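Throughout, read-outs are computed from the coordinates displayed, never taken from laboratory work. Fair warning: this is a prediction, and the values are worked out from it, not measured in the lab. Here Cβ is always computed from backbone atoms with ideal geometry, including for glycine, and neighbour counts include all displayed protein chains.
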Amino acid sequence: MSTDVISGTVSKKADRYAIDVLGIPSLTLMETASSKVAAHIISNFPTSSVLVLSGTGNNGADGICIARLLCESTAFTGTLQAVVAGNLEHASWEFLHQLSEFKRIGGKISYFRNGDSLPSSDVLVDAVFGIGLLSQLREDKKELLMSADCMHYSHVIAVDIPSGVNSDTGELMGAGIHSETTITFGRSKTGLITGEGREYAGNVIVENIGIPDEAYDHVLS
């Protein structure tokens, strides 16, 4: 398989190498990745209602960053809702940073609880689980993803990978959210072109976020 397509595990190792060895701040990579998704929304859905559904890990941090960038953009004239699903006590520091920045500009957050109904919107930004999900989901998380998948949003954009898909194998880890578009970062993932991931990913767009080839070469060597 071409090294233009890598496993999620390799991608995470390359991210860590870029951050820990090459000295690229994780927030810089996050801001760049999020800006690519925000730009796609502004270009294609500038007047639409957008729901950003975020977990509390780094994929969720991307989601909240995307929400902030949309709020800050004068080119986006649609409406925005941001919903967080997850326990803030277990949130990554990057997520908490992005949440603080979003609130600083006046962004409003809703918190999903089991049994809640998700809001309707034209566009759903799926930022619940990222490439780090390699094990079966708990029942409450399955219910969340099934609930989102049943809402039949007009367009779903997955951040890096559709939530619920194993980024190494493409296996569905109990439930998932079908997307029309997946915007993945750095290089494409095996989980997007194999197994159930191929069906869930839709059209895959690969965006360069500034991770040098050196990082990929190191972890692939």
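Electrostatic tally near Ile64: other residues with Cβ closer than 13 Å to its Cβ, Lys and Arg +1, Asp and Glu -1, net -1. Rounded to the nearest 5, what is the percent of antiparallel bridges among the DSSP beta bridges in the chain? Among the beta bridges of the chain, antiparallel pairing accounts for roughly 5 percent. Each residue in Phe185, Phe76, Phe102 was given a count of other beta-carbon atoms within 10 angstrom of its own, and listing them fewest first yields Phe76, Phe102, Phe185.
With semi-axes defined as the square roots of five times the eigenvalues of the C-alpha gyration tensor, the equivalent ellipsoid of the chain measures 25, 20, 17 Å, largest first. In the chain, helices alone account for a calculated mean residue ellipticity at 222 nm of -12000 deg cm²/dmol, with every DSSP H run of four or more residues adding -39,500 (n - 2.57).
Considered as an equivalent ellipsoid built on the Cα gyration tensor, the stretch 163-221 has semi-axes of 23, 13, 8 Å, the largest given first.
Remark: the stretch 177-190, residue by residue, has Karplus-estimated 3J(HN,Hα) of 10, 5, 10, 7, 9, 10, 9, 10, 10, x, 9, 5, 10, 4 Hz, where x stands for each Gly or Pro and the curve is 6.51 cos²θ - 1.76 cosθ + 1.60 at θ = phi - 60°. Placing unit charges on the Cβ atoms only, positive for Lys and Arg and negative for Asp and Glu, gives the chain a dipole magnitude near 380 debye about its Cα centre.
What the pair-distance distribution of the stretch 1-56 shows, using all Cα-Cα distances binned every 5 Å from zero, is 4, 14, 15, 19, 19, 14, 10, 4, 0 percent. Over all Cα atoms in the stretch 83-147, the spread is summed up by Rg and Dmax: 13.0, 36 Å. Annotation: lysines with alpha-carbon distance below 22 angstrom to Lys189 (same-chain offsets under eight excluded): Lys12, Lys13, Lys36. For Lys108, a cut-off of 17 angstrom between C-alpha atoms picks up these aspartates and glutamates, skipping any fewer than 8 places away in its own chain: Asp62, Glu72.
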